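Take a look at the structure below.
The values are calculated or read from the model by the stated rules, or taken from the named source; none is laboratory data. Predicted, not measured: the structure shown is a model, and the values here were computed from it. Cβ sites come from the backbone with ideal geometry, for glycine too, and all protein chains shown count toward neighbours. Ligands, DNA and RNA are excluded from the accessible area calculation, which covers all protein heavy atoms including side chains. Shrake-Rupley method; radii C 1.70, N 1.55, O 1.52, S 1.80 Å.
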Protein chains: 4
Amino acid sequence: MRARDHGIVIGTGTPGPYNAITDVPGVRVGHTTLISGDGPRVIGTGPIRSGVTVILPHGDSAYDHPVYAGLHWLNGNGEITGQAYIHELGMLGSPIALTNTASVGVVRDALTKIEISGLRPGTQAWSLPVVAECWDGSLSDIDGQHVTADHVLAAYARAASGPVQEGGVGGGTGMICHGFKGGIGTASRVVDGYTVGVLVQANHGVRERLTVNGVNVGRHLPESAAPHEGAGSIIGVVATDAPLLPHQCRRLAQRAGLGVARTGGAGENSSGDGFICFSTANRNLPPEALDIVPPKTYQVTALADTYLDPLFHAVIEATEEAIVNVLTVAETMTGADGLTIYGLDGKELSQLLG
Amino acid sequence: MRARDHGIVIGTGTPGPYNAITDVPGVRVGHTTLISGDGPRVIGTGPIRSGVTVILPHGDSAYDHPVYAGLHWLNGNGEITGQAYIHELGMLGSPIALTNTASVGVVRDALTKIEISGLRPGTQAWSLPVVAECWDGSLSDIDGQHVTADHVLAAYARAASGPVQEGGVGGGTGMICHGFKGGIGTASRVVDGYTVGVLVQANHGVRERLTVNGVNVGRHLPESAAPHEGAGSIIGVVATDAPLLPHQCRRLAQRAGLGVARTGGAGENSSGDGFICFSTANRNLPPEALDIVPPKTYQVTALADTYLDPLFHAVIEATEEAIVNVLTVAETMTGADGLTIYGLDGKELSQLLG
Amino acid sequence: MRARDHGIVIGTGTPGPYNAITDVPGVRVGHTTLISGDGPRVIGTGPIRSGVTVILPHGDSAYDHPVYAGLHWLNGNGEITGQAYIHELGMLGSPIALTNTASVGVVRDALTKIEISGLRPGTQAWSLPVVAECWDGSLSDIDGQHVTADHVLAAYARAASGPVQEGGVGGGTGMICHGFKGGIGTASRVVDGYTVGVLVQANHGVRERLTVNGVNVGRHLPESAAPHEGAGSIIGVVATDAPLLPHQCRRLAQRAGLGVARTGGAGENSSGDGFICFSTANRNLPPEALDIVPPKTYQVTALADTYLDPLFHAVIEATEEAIVNVLTVAETMTGADGLTIYGLDGKELSQLLG
Amino acid sequence: MRARDHGIVIGTGTPGPYNAITDVPGVRVGHTTLISGDGPRVIGTGPIRSGVTVILPHGDSAYDHPVYAGLHWLNGNGEITGQAYIHELGMLGSPIALTNTASVGVVRDALTKIEISGLRPGTQAWSLPVVAECWDGSLSDIDGQHVTADHVLAAYARAASGPVQEGGVGGGTGMICHGFKGGIGTASRVVDGYTVGVLVQANHGVRERLTVNGVNVGRHLPESAAPHEGAGSIIGVVATDAPLLPHQCRRLAQRAGLGVARTGGAGENSSGDGFICFSTANRNLPPEALDIVPPKTYQVTALADTYLDPLFHAVIEATEEAIVNVLTVAETMTGADGLTIYGLDGKELSQLLG
């Protein structure tokens, strides 16, 4: 059950039909969830509570059809590969994958492999894939590096429009959020004829600062035994069909951090709180491919900055709601060394909020 | 009456004795407040509702004794002169002045004049003063550019430790915040033996998003007639005696924006939401002065990053409280063209918060 | 006599008709040159060797018709006001003025005054003018702050297309470059049907590193008595009619620093080496003005990144040539305290280059 | 034979004993070179002309003993993993590895594996390894992703002080530079009692812009058949024992790009020109490790900024010489599809320089 199923409404905006990042037309999400083993941690063996989530910016190949994008770090104690390209060229030309810290590399190279497999004849790949991470080492044998290229290919193949599975799935399988079971969450807002969708992999925050709709619920909920509280991270992906240029995407990305702040996050020192925003409105951008010579110029549509505020507010609200969705959906999980992280009881949360 | 005088307590931290930026030992604040004229706006004549606020980082000359500093923009639709120097050299070697948008220049050159007047014989000035602004053109004849160098000198001369005057004073005289009368506010927190102080010049936000302690009070308060709502800005100055290096100051600066977010700000498009943080702990930094040759190396103390979180939380809380102090202290003001901006009734606010 | 008049040709590209920033259609440049007094320096009296240069991005008001822009610091020990706006909004909505360090403020406020004087009825200004500086305190009584608003208005009024006066004029009047008389220089390149123009205010560099066309001429030229060698700055303005988005402008701006490097600059510690690039191709951008509501979206033309390299090369070459033009045009000047800074003898330079 | 063996001396500075990055005490370098197969390219089979180079910042574990570091992109069309951490925390807590674009991931995860294998009992890894890349897909079957974790472990194990193997070795095996055979190069300078060392993996530049000691030699040398000229990248690693804080490291990193510019690079659009600088002077920095609680504060030594210029000049010169060393050392190589890339003839180069 998601936040709204418990009667918890965040903000005043209107969600899209799925209240998910997939409300932005064309955006697709796929998960591979890895759950196996129990008991004491044996590096290389398990238990495993991990996975990978793949987000495709639209219905076509991201390599052949890049979109404008921007990025912001609230706290850069984390990894997003491909970020220099997004900053320099202002484009996303890759799927976005979310996974655990120790497996960023294998996921990245697997995305390259996918690009290679789809190359037009006579061309070579130029691939700087985007992979972000949170650390799931409390529940999972993260140092065993169990994610494989095949797991990435499977998540990529499963990527679909429509409802998005949330909670302890995909890259979010072993995550912990504000001392409760964390993971994947999503939400969306429709404003001014545009849709803004946010998907988070939430592994951040301390319990005593957890705030929902302005109520510090964290202090009223039973104490957790979550180790390394606040040492996690949150990755946010913001998608929109509003026609944003790269620097406008970057501005929206920073607003996701404000949603984190409003639910009690602070970009803690050990946290990698990074946000990517892309806009699907301009789809005729030239791909970065060797041996392909694009036309010299192309036409794009840009949103006048005056109209950005509703989008800013939408990003903040949708990020807040995505985090609360993580918490209400994610279920209690027992992982490595028998550690149990409790899911937040949505009914209890709802009562606390009055 | 400040927030706490109304029983409104923000967060869980402990304020310093003055609950002000001046709780950081040595920090001094001085205001020049300009209020004159009534009735229709005549450019160059008035009415005037403006001024300048000067913040000195410690008890000595900031030119001769720079401190480590960093800076962050939540939304860069504003001005902070001297910012390239802070980014490149990691130091603040100037007082910080706050004023209105159209008078940034005269204030900046006046700070240079002050430096020149204090030069050691045989040396020449190298001065990149730090002046930030918000737009007070709804209440004041901003385009008349009424602030003078003498106003700056007077504020500089008045700069003092101890309690800080808040509300519609100094650079904050004509400001509007979340549709209510805005201006200057401050607060502090003592954590781990260090003090964190924040001073804001608040001219930002829309009424319907105003949030205090998680309660969206803005929607419950009478509607305002404030023009250009959300088109303003907020400047935040964060001071601490924790021994931070420049990049750590920059990290604290970004957290001030999270305090803005928690009270309902969003870094709106027309807003210049910029934050400067300086650390007074290391006072032996070499000044940037021509004809002075410093020793080759110097010793500094640095805080291990692991200990940053309480400071992050303190910045967020103190920024929130500084904003609420602005609102509860600032009184109703009538300015240019008879526009009246109402002060927020602290008693009413207190009741809304239950 | 400019570099090419001495037979000194930089690089392989083709200059525009004036070999100046004004080859970019619409770009206008105007100077006010202040030369008065001789003998010992008396602060507030003189001698004065200073001024202001104004660059207008096109034939209309920059306030009403912004253009895309970007910015880069090779070394940020200097000032460019308005830079946060350029970074955040990606636009230049102001003239660009160049002056001395101690007079940045008065020039900035004067640009605001110009905007105010041209406001459409019923609107108010939102002005974050762009003013950059170098330190001319060796030759001029910089601390006397002799530049006035009227000087700015005069330079603005004089701004014209066509040939640009170079050397010790305008903002460059009292500047020193690589130990020789410095000042204003400009050059341009025509590539792929686009024009790239660069104008520099050059006050940087040490003599022994001066390099022209790869020849370290500095070591072969007589020693100078220039005080504070290398303590100066260089400001570069890059204009183009190629259709660049904001982040592409930022990329061109960084290349100006490579031209500085190729002539022997290193972004020395005391130097403020900052570069602004704007593109005049898209002229339908919504202005940042209160009370004006632009259409929601607008169409722009963007250059495919693949075509950037010739523009990068053009920026580098034109910056190199603009610096050499400064040196060959600027004439020997005697200033405060009888200090004489020698102009580089273009004929001698030409001979050194063989 | 290196540049100096051909009588080619770059600049005026004094190299260290090995004229290599390893002149900075403690810095170690190790290569794994992969050369196998000939003839037509078969993806997944070969021919292979690739490898990995590992740089260790000092004689101990980089995980346990981080050093201050900073980073700059001249052109961000490339990858450096771990960059957000360097920006946020100002430290390098990992070896630096250089490899090809398609194998960044496997190398990154292998560095994590190395960290895990060395963990102190009872602690868990927090690893954001630093891996940078250039594209060697003209000479090598890059899309076959032939680099393995074992190759990384071998390079790591081989890392040693003393002379550094240059040219077509390690990560530089299949690289092309200014149309000639590229690869690894290094150089150093001793200034003011400090050592500055630079190591590059050079795969950038077009032939006609190649400039050595100011002479455009590229135009005088026989034409190449190098495909995708200028589409490569250059990664530079700058090491020093001067006591630099993180923001000072960042400033040195930007100067490496000026050395690239002086040899004819321009940060071309398809190029990933990124530079990392670290300082080994302060070795008591707290490691980022879970379960380890460092002392609250620590003492560091900082260099007064006034003394940076000789270091800036040293970085520029050493980068230039490292690039020329790449070119003079690297030998002609035939790779995939029989493509032959010619080594630059050092004797011929020497003659061109007179």
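Values for this structure:
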quantity: Residues satisfying the stated conditions in region A:240-253, i.e. crowded, with 24+ Cβ neighbours inside 10 Å and in contact with a His (Cβ under 9 Å, 6 or more places away or on another chain); calculated: A:245, A:246, A:250, A:251, A:252, A:253
quantity: Given (1) open to solvent by 10 Å² or more (accessible area, probe 1.4 Å); (2) within 12 Å of chain C (Cβ to nearest Cβ); (3) under 19 Å from the mean Cα position of the chain (by Cα), number of the condition residue B:105 does not satisfy; calculated: (1)
quantity: Residue selected from region C:47-75 under the condition closer than 16 Å to residue C:283 by Cα and among the hydrophobic types (A, V, I, L, M, F, W, C), by the criterion modelled with the lowest pLDDT; calculated: C:62
quantity: Tabulated pairs, region B:269-284, first without any contact (Cβ under 8 Å) to a residue 40 or more places away in the chain, second among the β-branched types (Val, Ile, Thr), C-beta under 8 angstrom, 6+ apart or interchain; calculated: B:284/B:300
quantity: Any chance residue D:98 is in contact with a Pro (Cβ under 6 Å, 6 or more places away or on another chain) and in contact (Cβ under 8 Å) with a residue 24 or more places away in the chain; calculated: no
quantity: Residues being in contact with a Pro (Cβ under 9 Å, 6 or more places away or on another chain) and either open to solvent by 10 Å² or more (accessible area, probe 1.4 Å) or of a type in the set (Asp, Glu) (or both) - total across region D:221-239; calculated: 0
quantity: Positions within region A:295-346 being more than 13 Å from every other protein chain (Cβ to nearest Cβ) and of a type in the set (Phe, Trp, Tyr), in sequence order; calculated: A:342
quantity: Filtered residues of region A:120-139 (kept if more than 8 Å from chain D (Cβ to nearest Cβ), farther than 21 Å from residue A:62 by Cβ and assigned to a loop (DSSP other than H, G, I, E, B)); calculated: A:136, A:138, A:139
quantity: Single match in A:270, A:279 (criterion: of a type in the set (Ser, Thr, Tyr), more than 7 Å from every other protein chain (Cβ to nearest Cβ) and within 21 Å of residue A:26 (Cβ to Cβ)); calculated: A:279
quantity: For residue C:265: the one exception among (1) within 9 Å of another protein chain (Cβ to nearest Cβ); (2) assigned to a helix (DSSP H, G or I); (3) crowded, with 24+ Cβ neighbours inside 10 Å; (4) touching a His at 6+ places or on another chain (Cβ under 9 Å); calculated: (2)
quantity: Tally of residues being open to solvent by 10 Å² or more (accessible area, probe 1.4 Å) and hydrophobic (A, V, I, L, M, F, W, C) across region B:4-33; calculated: 2
quantity: Residue D:153 vs. criteria farther than 21 Å from residue D:283 by Cα, of a type in the set (A, V, I, L, M) and buried (at least 23 other Cβ atoms within 10 Å of the Cβ); calculated: no
quantity: Selection count, region D:34-59, where residues are under 23 Å from residue A:110 (Cα atoms), open to solvent by 20 Å² or more (accessible area, probe 1.4 Å) and among the polar types (S, T, N, Q); calculated: 1
quantity: Only one of C:142, C:116 that is within 8 Å of chain B (Cβ to nearest Cβ), free of Cβ contacts under 8 Å to residues at least 12 places away in the same chain and crowded, with 19+ Cβ neighbours inside 10 Å; calculated: C:116
quantity: Filtered residues of region D:293-348 (kept if part of a helix (DSSP H, G or I), over 27 Å from residue D:251 (Cβ atoms) and β-branched (Val, Ile, Thr)); calculated: D:328, D:329
quantity: Qualifying residue in region D:46-66 (condition: within 11 Å of chain A (Cβ to nearest Cβ) and over 28 Å from residue D:293 (Cβ atoms)); calculated: no
quantity: Flag if residue B:162 is open to solvent by 10 Å² or more (accessible area, probe 1.4 Å), more than 30 Å from residue B:38 (Cβ to Cβ) and in a loop (DSSP other than H, G, I, E, B); calculated: no
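Residue-wise test of (1) in contact with a Pro (Cβ under 6 Å, 6 or more places away or on another chain); (2) open to solvent by 10 Å² or more (accessible area, probe 1.4 Å).
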residue: B:195; (1), (2): no, yes
residue: B:206; (1), (2): no, yes
residue: B:258; (1), (2): no, no
residue: B:272; (1), (2): no, no
residue: B:278; (1), (2): yes, no
residue: B:285; (1), (2): yes, no
residue: B:292; (1), (2): no, yes
